[in-house]
Amino acid sequence: ARRLLLRHNIEDVRLGQRREFVCRHLGPVKARHAAHELWLAQILHEFFFTEVIWAESYRAADDTCGSLLEVCGTPRNVDMAAYVFDYLSAQTERLWQRYRSDRRLSGNRDRRRYLAGLLAGLCARLREQERRLGAEEALVWQGDSELRQFYRYLHPRVRNRPGGGVPATAVYHDGVAAGRRIVIHRAVAGSDAGVRGYLGRG
């Protein structure tokens, strides 16, 4: 499935297919975003053909200023990114609850370390997969200049801010190992069948 997605997007760009671009906000408005949230944004950008930014926003319910994740791309790629965002947000939380139960940990003191490890591990495996596809089939995503132009038009003054990391504790490394085993099941649009195919397989 990853091979087909990559080939399709490369062909669209190479052939100059006319493309519409949209943006969508994902997740809640927060004053600060944890390391695992930054990893998730990186995965959406690096592997799901989107441009991402932490856009300033406002939460009227409690008069809070902060930011939330904005993803830009073709409607199909933005739909996929939104699905992956929801899928990984839920799956990593389930894995943390299982890990905490298995290790008989009290509270959530190590939660952010484990979640960051999970997504760092998944990102590392996806990068390995991309390298294999590049080496074996010459499928290399070089980006989409039209999407980049659209993104820059919306956000002409982008600032890079350093993200907060987490200590590389044993819990973090346990998360990395588990993250390398995560499989992202692909949803089929308009199908009640649920899930078909895999996006995270090597």
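The values are calculated or read from the model by the stated rules, or taken from the named source; none is laboratory data. Just so it is clear, the structure is predicted and the values come from calculations on it, not from any experiment. In this analysis, Cβ positions are derived from the backbone assuming ideal geometry, glycine residues included, and neighbour counts consider all displayed protein chains. Surface areas here come from the heavy atoms of the whole protein model, side chains and all, with no ligands, DNA or RNA. Shrake-Rupley method; radii C 1.70, N 1.55, O 1.52, S 1.80 Å.
Listing for the model above:
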| read-out | value |
| --- | --- |
| Mean separation of Cα contacts under 8 Å (6+ apart) over length of the chain, as relative contact order % | 25 |
| Where labels lie 7 Å past Cα in the beta-carbon direction, separation of Glu56 and His8 in nm | 3.7 |
| Interchain or long-range residues, amide H under 5 Å from Ser57's placed H | Gly66, Ser67, Leu68 |
| Accessible area expressed per residue, the range 17-151, with surrounding protein chains retained (probe 1.4 Å, Å²) | 53 |
| Hull volume in cubic angstrom per residue (convex hull over the Cα atoms of the range 1-80) | 95 |
| Under the Karplus curve 6.51 cos²θ - 1.76 cosθ + 1.60, θ = phi - 60°, whole-Hz ³J(HN,Hα) for the range 30-36, x wherever Gly or Pro sits | 9, 5, 9, 10, 6, 4, 5 |
| The chain - mean residue ellipticity at 222 nm from DSSP helices (-39,500 (n - 2.57) per run, n ≥ 4, rounded to 500) | -16500 deg cm²/dmol |
